[in-house]
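The values are calculated or read from the model by the stated rules, or taken from the named source; none is laboratory data. Treat the numbers as computed from the prediction; the structure is a model and nothing was measured. Reconstructed Cβ throughout: ideal geometry from the backbone, glycine too, with neighbour counts over all protein chains shown. Calculation scope for accessible area: heavy atoms of the full protein, side chains included, ligands and nucleic acids excluded. Shrake-Rupley method; radii C 1.70, N 1.55, O 1.52, S 1.80 Å.
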Amino acid sequence: QVQLVESGGGSVQPGGSLRLSCAASGSLFSLYNMEWYRQAPGKQRELVAAITSVGSTNYGDSVRGRFTISRDNANKMVYLQMNSLKPEDAAVYYCRSRWGPRDYWGQGTQVTVSS
């Protein structure tokens with residue numbers, strides 16, 4: 001069983017930055033692929049960024065070049081550095097871990113981008 005707890009959300013002006021964190025509990029963290037999703041009101045949940053167990057990364061088209069995903073296996077943490085934030089980045093951001101049939105979600109953290 002893996003539990004995921006996101007933090008770091010908040011309110012920021014357009015052009016600003018935020019760093020989201022996802023703390024994982026449980027064993028074998030390094031084997032999990034880790035992902036960040038987001039969901040804005042009235043929209044479907046979408047993949048923002050992903051990092052595999054070996055560190056390969058992938059990004060959604062709308063955030064590529066502005067967001068960076070990273071992981072710290074020793075401390076069971078995943079991060080999402082978000083730069084040059086836009087109003088359309090506002091959403092609830094969720095952390096997800098996957099390994100084979102194992103699939104876990106965090107409770108989400110709110111990001112607001114407005115002037």
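Output the number of residues of segment 61-81 satisfying the condition of being more than 24 Å from Ser25 (Cβ to Cβ) and touching a residue at least 40 places away in the same chain (Cβ under 8 Å).
Final tally of qualifying residues: 0.
Could you list, in sequence order, all residues of segment 24-42 that are in contact with a strand residue (DSSP E or B) (Cβ under 7 Å, 6 or more places away or on another chain), small (Gly, Ala, Ser) and closer than 21 Å to Val54 by Cβ?
Result: Ala24, single match.
Please go through segment 99-115 and give me each residue that is modelled with pLDDT of 95 or more, open to solvent by 70 Å² or more (accessible area, probe 1.4 Å) and under 19 Å from Ser70 (Cα atoms), ordered by number.
Within segment 99-115, just Trp105 meets the criteria.
What tally of residues in segment 17-53 results from selecting those that are among the hydroxyl-bearing types (Ser, Thr, Tyr) and closer than 15 Å to Gly106 by Cα?
Taking segment 17-53 first, the residues among the hydroxyl-bearing types (Ser, Thr, Tyr) are 17, 21, 25, 27, 30, 32, 37, 52-53.
After this cut, where a residue has to be closer than 15 Å to Gly106 by Cα as well, the list is 21, 25, 32, 37.
Residues flagged as among the hydroxyl-bearing types (Ser, Thr, Tyr) and closer than 15 Å to Gly106 by Cα within segment 17-53 amount to 4.
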